[in-house]
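Derivation of every value follows stated rules applied to the coordinates shown; laboratory data play no part. Being a predicted model, the structure only gives us computed values, none of them experimental. Every residue, glycine among them, receives a Cβ derived from its backbone with ideal geometry; neighbour counts consider all protein chains shown.
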Amino acid sequence: MMAAPFVHMDSVAKRWNGQLGVEDISLSIPRGSFVALLGPSGCGKSTTLRLLSGLELPDEGTITIDGRNVTTAAPSERNLSMVFQSYALFPHLSVAENVVFGLKVRKVAASDRREKLTRALEITGLLGYENRRPGELSGGQRQRVALARAIVANQPLCLMDEPLSNLDAKLRASVRKDIKKLQVDLGITVIYVTHDQTEAMSMADMVVLMKDGHIQQTGTPEELYYRPANTFVAEFVGAPP
Ligand code: ADP
Ligand code: MG
């Protein structure tokens, strides 16, 4: 018997008063993979991610994570963490307080919090920055705080929406490496939204290329490069490096 996919979307559609968000979205994502949702602005990447997170409800279709229906699960039962372009940090709290905030809410013991904090700061290269406020950090460091927060959450799935788009090119390369650690070192399944084909093709095991609310092709970077499903795919991904 085939193992059930970890994340499954079946014929999902979302509209607002007739305005199309996404339509006919079907995806099977194996545990431990790094999936990029790629496509031009307005193609439905963030809508797909918000549907996966349970922040939006689909008009049609079903979404399951680890066999559990996302639309009926309580937020605390969805077993996922999120990282946004805007970092979403509390400006008045220190780095350490930002990272363990969710653990405190969940009443995780102080000694356990400290241990998890140290490990997450180690992975993201933020040891020594515990007492700074977000306003005293660079954009790259702020995004690392958001990554550290996702790491301590210890969830099997992490959803990221354009996490590098506020960073300059040089920083992007180094934060990219930290993002890959979530998958490679920690075994977290990552679903990563980007409009940047270089980012998607270099980071992901599986790329989902979208246009106008529809999936154009799902495959490995090699499949998209060498066997594009249509001219849009061929033009969007361009020539292999
Ligand atoms: P992307 O993230 O790929 O840039 P989005 O998923 O944000 O695209 O948007 C896809 C489409 O859905 C766009 O046409 C957008 O205008 C529309 N859309 C997204 N959110 C809403 C909303 N809350 N109300 C109405 N339309 C929306
Ligand atoms: Mg978006």
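Data overview
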| read-out | value |
| --- | --- |
| Most positive-pole-ward Cα, Ala88, Ala109, Asn98, against dipole of the chain from beta carbon charges | Ala109 |
| Percent breakdown of C-alpha pair distances by 10 Å bin, ordered from the shortest bin, for the chain | 7, 31, 35, 21, 6, 0 |
| Point-charge dipole on Cβ atoms (K/R +1, D/E -1) for region 60-133, about Cα centre, debye to 20 | 280 debye |
| Proximal aspartates and glutamates to Lys170, defined as alpha-carbon separation beneath 18 angstrom and excluding residues fewer than eight positions away on the same chain | Glu162, Asp178, Asp196, Glu199 |
| Region 158-241, relative contact order in percent, only Cα pairs under 8 angstrom and at least six apart counted | 20 percent |
| About the Cα centre, charge dipole magnitude for the chain (Lys/Arg +1, Asp/Glu -1 at Cβ), debye | 940 debye |
| Placed amide H near Gln217: partners under 5 Å, 5+ positions off or other chain | Leu209 |
| Mean separation of Cα contacts under 8 Å, 6 or more apart, over the residue count of the chain: relative contact order % | 27 percent |
| Karplus-derived HN-Hα couplings along region 7-20 (A = 6.51, B = -1.76, C = 1.60, θ = phi - 60°), whole Hz, x at Gly and Pro | 10, 9, 10, 10, 6, 7, 9, 9, 9, 10, 6, x, 6, 6 |
